[in-house]
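Asker: My structure is below; once you've seen it, I'll send some questions.
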Amino acid sequence: GCQLMEQGKAVDMVVRFDTHTPQLNMGRRAATPVQRAQFHLRRLGERSMVDRVKYIATALRTLWGRAVVRARLKQVRTENEPVERPEAATDLLYLYRLVAERYQPRPFVGRLVLLRAMDAQDGAANDRSLGWSELVKGSFSVVDVPGDHFTILREPNLPAAGKALAEALKQLRV
């Protein structure tokens with residue numbers, strides 16, 4: 001939003017989908033292995049047997065992707081070193097991590113709507129605004145939508161997220 005406004009473009013609203021500021025994670029300790037296990041056991045208990053198998057398969061894919069990202073991050077020696085062309089989703093995660101570590105958000109003067117996952121993970125429940133309230137110098141609102149960070153834009157949660165987005169857009173016209 002800030003960059004578009006600096007280019008003279010009109011920005012009526014920015015919508016964030018369960019996205020925290022990079023600074024929110026910097027000061028927060030990572031969950032312990034026990035806390036992560038408790039979180040996933042609770043999530044498994046809420047699912048049918050078929051969904052448990054899908055959940056475990058997704059978790060294993062995620063762990064593998066993180067291992068690949070960590071291995072690639074170890075290869076980065078300097079900030080000015082060229083980055084390989086992204087070839088797969090794990091490369092995109094790698095690039096995202098590099099950019100997020102260096103990103104310094106500026107105050108945003110405008111309207112920001114945060115669609116926040118109701119099933120918050122990793123202690124995100126401690127700051128309902130996910131760090132954005134300190135950066136927005138205009139209208140700011142948080143709308144809770146069902147699901148977690150990875151499922152708010154998937155069925156059965158997608159209609160609720162769509163309804164919240166439609167309502168935010170409708171308020172622009174008022």
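Asker: Between Leu4 and Asp148, what FRET efficiency follows from the Cβ-Cβ distance if R0 is 30 Å, with the result rounded to 0.05?
Answerer: Efficiency at R0 = 30 Å is approximately 0.55.
Asker: Same structure again: If the chain between Leu165 and Ser139 were fully stretched, how many nm would it gain, using 0.36 nm times the residue separation less the Cα-Cα distance?
Answerer: Result for the pair: 7.8 nm of gain on full extension.
Asker: Ranking request for peptides 131-141, 5-15: highest mean number of other beta-carbon atoms within 10 Å first, then the rest in descending order.
Answerer: 131-141, 5-15
Asker: Which of the three applies to region 130-174, rounded, prolate or oblate, going by the alpha-carbon gyration tensor with a ≥ b ≥ c and a/c under 1.5 meaning rounded? Don't jump to the answer; show the numbers that get you there.
Answerer: Numbers: a/c = 3.85, a/b = 1.33, b/c = 2.89.
In terms of gyration-tensor shape, oblate.
Asker: Please give the contour-minus-distance gain from Val50 to Gln35: 0.36 nm per residue of separation, less the Cα-Cα distance, rounded to one decimal in nm.
Answerer: Using 0.36 nm per residue and subtracting the Cα-Cα distance, I get 3.0 nm.
Values quoted throughout were computed directly from the atomic coordinates according to the rules given, and no laboratory measurement underlies them. Given the structure is predicted, the values throughout are model-derived calculations rather than measurements. For neighbour counting, all protein chains shown are included, and Cβ atoms are generated from backbone atoms with ideal geometry for every residue, glycine included.
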